[in-house]
Every structure is written in structure tokens, then in C-alpha cells.
Amino acid sequence: MKAETNWVQNVVKEEEYEHYMDGGKDFIDDDEIWEKIEKHKSPETGRIRSIIQKSFNLDLLSPDDTAALLNVKDPQLWDEIFDAAGKIKRKVYDNRIVTFAPLYCSNFCVNNCLYCGFRSDNKDEKRLKLTLDDVRHEIEVLAGKIGHKRLVVVYGEHPVSDVNYMADTIRTIYDVKVKTRKGIGEIRRVNVNAAPMSVEDLKILKDVGVGTYQVFQETYHHKTYSEVHPKGTLKANYQWRLYSMHRALEAGIDDVAIGALFGLYDWRFEVMGLLYHAIELEKRFGIGPHTVSFPRLEEAQNVAFDTLKYKVSDEDFKKLIAVLRLSIPYTGMILTAREPAQVRREVLPIGITQTDASTKIGIGAYSEIYGAEKMSEKENAQDLGKQQFMIGDPRDLDDVVRELAQMGYITSFCTAGYRCGRTGTNIMTLLKSEKEGQFCKLNAILTFREWLDDFASDETKKIGEELIKREMSEVKAKMPKIYSEKTVKTLENYHERIKNGERDLYF
Amino acid sequence: MEKEIFTSEFEKMANTYDVKLWIAEKLGRRWSYVIGGGSEKFLPARLVGEIGNYGVFVEGESYDVEEILKNVGKILSKFTDVQKG
């Protein structure tokens with residue numbers, strides 16, 4: 001216990017964020033946000049239409065414009081916003097949806113967040129931490145049986161899962177190679193969702209080659225933040241968390257991700273907070289958020305928080321996603337399996353770029369190390385004693401891939417960008433100039449081919465083959481305006497080689 | 001300012017060879033973008049040379065690797081001189 005206390009006392013380094021603050025104030029001004037939301041209470045239709053048009057330039061909207069969008073009441077105008085959100089997503093990312101899986105490595109936590117199942121006061125939570133052998137077993141399932149190529153690894157904030165443990169687990173994940181039907185399964189990109197860290201610790205993460213580093217502010221509203229993160233805990237320090245991405249960028253991690261937990265406070269305020277965060281990152285570093293997440297608060301074990309007060313309805317959830325898509329048009333937007341399948345179907349077309357499937361959030365749940373869930377009893381399989389919250393869509397990847405294909409989307413397992421320097425300011429330029437989507441299309445085809453051959457069911461494969469034909473035709477149709485003859489020939493060559501068992505060929 | 005000057009040097013060189021050209025820093029499996037220039041070709045990026053933790057990537061139809069590396073070296077040495085003051 002003494003060691004834990006010592007560790008906690010040494011985590012926060014005020015000198016690493018105070019110099020970013022202006023006169024002791026951070027960049028979230030609660031009063032200003034509410035003033036803007038109030039000021040634009042009744043936006044004119046013409047103004048909203050001109051904001052929609054502006055968002056097609058793919059630059060950040062101003063807080064005033066976003067506040068106006070948040071105040072739209074006319075359902076017909078909302079339909080126009082939803083439609084624009086879908087179009088912007090396609091303009092930036094084409095019709096691909098990147099897929100990933102979360103891997104919870106440890107649920108030990110020194111914090112006591114009122115809404116979270118991992119809170120230290122929850123004595124019913126079974127505290128577990130994966131050993132490196134456990135990690136290997138989990139990856140054998142994720143990369144060898146399900147077919148994931150991209151993970152987000154999640155750790156509670158605790159000395160047993162400090163940055164050295166994180167680095168060890170990430171190295172282990174990258175090392176696992178599993179024989180599949182026609183090739184090799186492996187995790188190619190590990191994104192990290194972890195507590196705020198010092199620049200020194202972030203450099204350790206950077207050196208093991210993390211993909212994106214994500215920290216969610218949970219709520220941008222200062223008062224609510226201090227209410228739900230009890231004083232005396234590490235997480236109580238709002239600014240230490242708010243400036244996490246500043247430190248990550250300082251440490252050289254140039255793909256950073258932000259998010260808010262919707263349901264802690266008014267959803268319109270949180271959308272504004274995310275926008276202000278993106279504006280601040282662009283202003284300071286010229287790099288906006290690689291992705292934005294917007295999880296809704298879910299049922300968890302022994303929480304001490306009124307989850308109904310700011311509960312976000314399905315209707316408002318759709319609105320907040322669309323407004324985020326218009327406000328931060330270039331960013332990746334992550335919709336997780338927290339949401340039920342029906343909600344996912346409805347909101348996916350309005351701007352989502354990434355989603356997870358075959359999701360399990362219990363510690364060791366993929367390989368059932370700790371006698372965890374059996375997927376055959378999907379409805380009852382989740383054990384709140386071992387996981388942070390309840391997930392809403394337990395469908396497996398094959399089902400999700402097939403459904404996406406039927407909806408006209410290609411599932412992408414692409415992890416090319418960060419392995420050839422399409423990161424930081426480079427990717428920002430590509431995103432804003434609509435060029436990244438052209439890469440996405442090529443790499444989506446190649447990685448989808450791999451997955452179809454290695455993991456798909458017969459039914460999904462049949463639908464997938466048709467989709468690949470269609471995608472190939474679309475690429476050819478964009479020649480020579482976008483793609484050169486050489487590009488098309490290279491794509492065809494890579495496609496054939498993958499069919500013959502080669503793996504990891506990319507643009 | 002220095003970054004702008006070097007970006008412009010990379011731009012010029014990329015246009016001369018009709019390639020996209022950039023330097024990235026190696027971090028484990030990750031290559032993080034540092035500086036570069038040229039327009040997108042939508043071809044596989046090729047790592048043509050490594051200097052310490054830094055790699056030179058080229059995307060283009062045909063190019064002379066040796067010549068590109070020689071010119072990148074010249075730009076980088078100018079950068080080193082500037083850094084030394």
C-alpha cells in the first residue's frame with residue numbers, strides 16, 4: 001500500500017502542463033461555451049446551410065458555427081446535416097470502415113471515478129492483470145482466429161500496470177505470429193488507451209512503436225469533472241488530463257486521440273469541449289486529433305453516479321455524431337460495441353470511420369484465461385465483475401463485416417500509414433486534401449482480401465468477393481484522374497500475390 | 001522558419017524527380033513523419049535509405065535512388081550546419 005501511495009505521489013508533474021496555460025487558465029472556458037450555445041439559440045436556416053457548406057472545406061468549424069449547429073430544431077434541417085456528415089466522411093475516407101478490437105490488459109486502478117466499474121471502491125470487481133503469456137494467448141485468438149490487425153490496449157491506472165508493463169505487453173503483442181488458413185495472422189498496429197503520462201513515460205511508449213495514444217477527458221465541464229473524480233485521486237487533476245495530448249506530441253507521438261464520455265454532462269457542452277480541444281492542438285502543434293471517440297455512459301457495477309440525469313438519447317447521439325463530423329471534418333470517428341447493433345446501423349452512415357467487433361472487455365476474455373465468457377451464451381456472457389461496463393453489440397467480426405458489405409462499406413484492416421510515415425502533419429495534409437481516402441481505398445481492398453482468405457465464413461466470403469470486384473472497378477474508373485496506370489497495375493499485382501498467400505503488402 | 005526552408009528544398013527535389021519524398025523517424029515499428037515534399041503518387045512508399053534512426057521514403061514510378069540519397073544528404077548536412085549555428 002505504501003509503494004502504491006509513493007507511486008501515486010510521483011505521477012503528476014505540474015511543470016509539464018502549467019506552461020501551456022494562459023494566466024493559470026486552461027483552454028476550456030465553461031462560461032464562454034455556454035454563452036455561445038445560448039447566443040446561437042435560434043439559428044436561421046440560411047446560416048445553418050452556409051455552415052454545412054463550409055464544413056466541406058474540411059477545416060475546423062469555429063465554436064460559434066458549431067454552437068449554431070447544436071441548436072438546430074427543424075427535423076428537415078437535421079436531415080440535411082446527417083446527409084452532409086455522411087458525404088464528408090466519404091470525401092475524406094471513402095466507403096471504408098476500419099475495424100479493431102479492444103484488449104483490456106489490467107483492471108487494477110488507483111482512481112475512484114463515480115461512474116466506472118474499475119473504481120477502487122468497487123470491492124466486487126475481480127482485479128486481474130494479464131501476464132505476458134496471457135497476452136500471447138489473447139493475441140493468438142485475436143490475430144489467429146478472429147483476424148484482427150489493429151488493437152486498442154487498455155490499462156487501469158495503477159503501479160502494476162505502469163508504462164514499463166505497457167511497453168512489455170505491446171512488444172509481446174507485436175511479436176506474436178499465428179498460422180492462418182493461407183497466411184500469417186499478426187497485430188500490426190497497437191493503439192493505447194491509458195491514463196495521462198509524463199513526457200518521459202510517453203517517450204517509452206513512443207519507442208515501442210504505439211499507433212495512436214488516446215486519453216478521453218471524460219467531461220470537459222470543470223465542475224462536473226471535479227464531482228465525478230473525487231479529490232485526492234490522481235484523476236482529480238483536470239489539467240493533467242487535459243494536456244495529455246500536448247505532452248504526447250511533445251514526446252514525439254504524433255497520432256493522438258481525444259474523446260468524451262457522453263452522459264456525464266450536457267452533450268452539447270461536450271461537443272464544444274472536443275472542438276476546443278481540436279482547435280488547441282492544431283494551434284499549438286499543427287496536428288489535430290487523429291480520432292475522436294464519443295462513448296455513451298453504460299451500466300457498470302457499483303457505480304455511484306446518477307446515469308439518468310444527462311443520459312444521451314439515441315436521437316441526440318445521432319445529432320452529436322453528425323455535428324462532430326461537420327466540426328472536425330478530417331478526424332477519424334470511433335463507434336464502439338458499447339452501442340447496440342441497431343444504433344450502430346443507424347449512425348454508421350453519418351460519419352463513422354472505425355468500429356470494433358468480436359469485442360470482449362473482460363480481462364483475459366478472448367482466450368477465456370480466467371474462465372471468462374462463452375460466446376454461445378452471448379446475452380448472459382458478460383460478467384460485470386470482470387469488466388468496466390456492459391457492451392451492447394457482442395456480434396462477431398464475421399457478422400459485422402458481412403453486414404457492412406451489404407450496406408456498401410468495405411471493412412479495412414489497414415495499418416499502413418504509421419509504417420511509412422503517413423503520420424502527424426503529413427496525414428493531416430492528406431486528410432484535408434482528400435488524398436488519404438484514396439490510399440484508404442487501395443489498402444482496404446488488399447487487407448480485406450487477406451481477411452476474406454484467412455478468416456471469413458463461406459457466406460461472408462461470397463459477399464466479400466462481389467464487393468472486391470466492385471471496389472476494383474471503382475479504382476479503375478478513377479484512372480487516370482486520380483490513380484495512374486502504374487497504381488492500378490501494382491494493386492492488381494499485390495492482390496494476386498495476397499491470394500497466393502503473401503501478406504502485408506500495402507500502399 | 002528553418003522547417004519551411006527545408007520543406008521547400010524537399011519540394012524542389014521531389015518535383016525534379018517527379019516523386020514524393022520524405023524523411024521519417026523510426027520508433028519501434030513506427031515511422032513518424034519529419035519533413036518532406038512532392039505530390040501524391042498513390043504508389044507504395046519505398047524505404048530507400050536509413051541514416052541512424054531516420055529513413056528516406058520515396059513514392060514514385062522511376063527514380064535514381066543513389067542520386068536522391070546524395071541530394072537528401074546535402075540537404076540534411078545543411079540542416080546540421082544550421083543546428084550547429
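So what is the relative contact order for region A:1-131, in percent, with contacts set as C-alpha pairs under 8 Å and at least six apart?
16 percent
Can you give me the distance in nm between label points at A:Lys2 and A:Asn500, each placed 7 Å from the Cα along the Cα-to-Cβ direction?
6.7 nm
So, R0 is 45 Å and r is the distance between the beta-carbons of A:Asp316 and A:Val12; what FRET efficiency does that work out to, to 0.05?
0.85
What relative contact order, as a whole-number percentage, does chain B give when Cα pairs under 8 Å and 6 or more residues apart are counted?
Once divided by the residue count of chain B, the mean separation gives 27 percent.
What is the distance, in nm, between label points placed 7 Å from the Cα along the Cα-to-Cβ direction at A:Glu282 and at A:Glu299?
Rounded to a tenth, the inter-label distance reads 4.0 nm.
With a bin width of 20 angstrom, please list the P(r) values of the protein assembly as shown as percents of all Cα-Cα pairs, from the 0 bin to the one holding the largest distance.
Cα pair-distance distribution for the protein assembly as shown, in percent: 20, 56, 23, 0.
Can you tell me the length gained on complete extension of the stretch A:Glu250 to A:Tyr20, counting 0.36 nm per residue apart and subtracting the Cα distance?
Gain on extension, A:Glu250 to A:Tyr20, equals 81.6 nm.
With the crude spin-label approximation of a point 7 Å out along Cα→Cβ, what separation in nm comes out for B:Lys12 versus A:Gln406?
Taking the simple label geometry, B:Lys12 and A:Gln406 are separated by 5.9 nm.
With the Cα gyration tensor of chain B giving a ≥ b ≥ c as the square roots of its eigenvalues, does the rule (a/c under 1.5 for rounded; else a/b larger than b/c for prolate; else oblate) give rounded, prolate or oblate?
Verdict is oblate for chain B.
Using a 4.7 Å cut-off between beta carbons, which cysteines in chain A end up with no partner cysteine at all?
A:Cys105, A:Cys109, A:Cys414, A:Cys420, A:Cys440
Any read-out appearing in this document is the output of simple, stated calculations on the displayed coordinates, not a laboratory observation. Computed from a predicted model, the values in this text were never measured in an experiment. Because the Cβ atoms are built from the backbone with ideal geometry, glycine has one as well, and the counts that use them run over all protein chains shown.
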